[in-house]
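Computed from the coordinates by the stated procedures, all read-outs in this text should not be read as laboratory data. These figures come from a predicted structure and were not determined experimentally. When we count neighbours, we look across all protein chains shown, and the Cβ atoms used for this are built from the backbone with ideal geometry, even at glycine.
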Amino acid sequence: MKLQELLSSTTAESAKYIGQIFSLRSSSDYRSLKKLFEQNRFEAKSFEDSILDALTFDWQSLERDRNWWWQLQAMPFLNWYINSFHLQTEEERFRYFSHCLQAIHCWIKNAKQNKNSPLAWHDHATAFRVRNLSNWLAFCHFAGLKISEENLAQPLAELIIEHLDWLEIDKNYSKHTNHGFDQAMIVLTVSLIYAHDEFKRFRLISRERLKGEIYFAFTREGVHKENSPGYQKMMLGRLRQLLVLSCLGEQDISELGGGYIRKAEEFLRAITLPNGCLPMIGDTRSQDEGLAYEQKEKVDVLDYSASGYFIVRGVDALGKDFFILLKSAHESNYHRHDDDMMIFVYYDGEVVFGDGGLYKYDESDEKRKFFRSIWAHSVPFVDHKAIRQREHLKKTPILARVGELAFEMESTMFGVQLIRTVEVSIIPSLNLKIFDRGSCDEVVGANFYLEKKVPLSVGVGHLNLQFSQFQVDFFYEGESFSCYEGWSDELKSIGAIVSKEYGVTSNAMRFVVASAEKSIRFQCF
């Protein structure tokens, strides 16, 4: 396909679409664009700037994290160009336009057929790259930049088709994951921007794929099936993006996605902490903002058990706010952590028992393995390897309300049945009772994870944890107790670390007790 054919097929509706998704006045994108093309500094989210010349870069020599490469391979500078267009001078518009073309050709020359270029044809990065290329071409066409007359631009129509062909192949389609959702949504969007007959087949297959992704991604309660509040927020954003497809004439998909938004928002509010942040569960990042929750009663019990969650939140008799989340076996296997039957506890502005965090997307990294393991979650366990494929569990996990403020979770994550019962009371202050038991003769242990080190005193069957405005008395049966801090390169099960920034860890604390019954009492100073 020739470039002029592609550009002449650009629909009138796509101009409205471009106008809705880009502000054209982003000062941050303007800075990123100038940094890249004037200072040879590439800015990636969660990383320090890297020195590289986008016009001559070999696309393989820098040793960087996979997430860094994922961002670069998507060619974000094309978005920066569009989103800062009205802040650029006339001279900058033409100069940066030329630089973008040269940078694309640098990728074609050094990455397209280069197996040593990290993530060059990664399932997710490829989708984002073709989206950015398509948006940029359409925008340049509408902005009157005479891109069809540029020699360097001539191969770009075929490059877009090549990307869509690659994404169409089943083995490259990451079905029923957030990657697959994005792949289908992006291919459909690109095929709606251009009305050329060549795009009909992409439109048909991506529409059907996207329907399947929407139906799979969320439970009937509006809960995203992957492992964390962070993904709930991200995928709610994807549902909102589907609404914009209506301006491209795609009403069915837009309405289908819109039908999930209210419930997805309700759940995001339900899991937002009293301080306005999302709990750092699974792959959620620290200080990620949620949606404010409006308390209905003194204690609200939010039943999302069909999706793997119970949330208990409110104010105790001392007037202190609290948030308790129980989680057992979300439905997707993607990014799964070993966190069946976990408990997350927030009290009076502080996380008491939490999660270790994301760290980074490198599943071979020993610290990443720790963060996905039982040791970075507050869970019961036996000495068996955890099962991460839900379909391999002997029984469907159970999460049920068994009293006014009593809950029971069952899971066979370790190959045997384990049961955790949690009882909550708020008089005279917040109190928890936790009972852990199993169907086997093995000792059932319980790991309790704290995202920071706090003063700890230990007695027989009793711990005292000191927080800034309150203390926690933890009572347990027997004498089996062990406490861990920091990281061990030799054995991850004797370490305790937290990751509040991407790729960065610091020391945390956790303790293990082998006791069926635990009682936890909160007292203010």
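Quick notes on this structure:
- Label zone at residue 243 (point 7 Å along Cα-to-Cβ), backbone N below 17 Å, the range 255-271: 255-269
- Among the trypsin sites (Lys or Arg not before Pro) found in the range 130-193, those both in a DSSP coil and sparsely packed, with 12 or fewer other Cβ atoms within 10 Å of their Cβ, are 146.
- Placing dummy labels 7 Å off each Cα toward the beta-carbon, the span from residue 479 to residue 439 is 3.4 nm.
- Loop-located trypsin sites (Lys or Arg not before Pro) in the range 266-344 (DSSP state not H, G, I, E or B) with no more than 12 neighbouring Cβ atoms inside 10 Å: 296, 298.
- Across the range 321-329, coupling constants 3J(HN,Hα) worked out from phi with the 6.51/-1.76/1.60 Karplus curve, θ = phi - 60°, read 6, 9, 8, 10, 10, 10, 9, 8, 6 Hz, and Gly and Pro carry x.
- Scattering curve values for the range 284-524, log₁₀ I(q)/I(0), Debye with Cα scatterers, q = 0.08, 0.11, 0.13, 0.14 Å⁻¹: -0.28, -0.55, -0.79, -0.93
- Mean ellipticity per residue at 222 nm, deg cm²/dmol - from DSSP H runs of n ≥ 4 across the chain, formula -39500 (n - 2.57): -10500 deg cm²/dmol
- The gain in end-to-end length when the residue 62 to residue 317 segment is fully stretched comes to 86.1 nm, 0.36 nm per residue minus the alpha carbon separation.
- Comparing 161, 27, 136 along the charge dipole axis of the range 3-166, the residue lying farthest to the positive side is 27, per the Cβ-charge model.
- Whole-Hz ³J(HN,Hα) from phi, Karplus 6.51 cos²θ - 1.76 cosθ + 1.60, for the range 358-367, glycine and proline x: 6, 6, 7, 8, 9, 5, 8, 6, 5, 6
- Modelled spin-label separation between residue 292 and residue 216, with each label point placed 7 Å from Cα along the Cα-to-Cβ direction: 3.8 nm.
- Stretching residue 275 away from residue 13 to a fully extended chain increases their span by 90.2 nm, per 0.36 nm per residue minus the current alpha-carbon distance.
- In summary, the chain shows an alpha-carbon radius of gyration equal to 1.08 times the 2.2 N^0.38 Å reference for compact globular proteins.
- Shown in residue order for the range 164-172 are the 3J(HN,Hα) couplings computed by the Karplus curve 6.51 cos²θ - 1.76 cosθ + 1.60 at θ = phi - 60°: 5, 4, 5, 5, 6, 5, 4, 5, 9 Hz (x for Gly and Pro).
- Based on C-alpha pairs under 8 angstrom that are at least 6 apart in sequence, the chain has a relative contact order of 10 percent.
- Other-chain or far-sequence residues with amide H under 5 Å of residue 378's (modelled H): 343, 449
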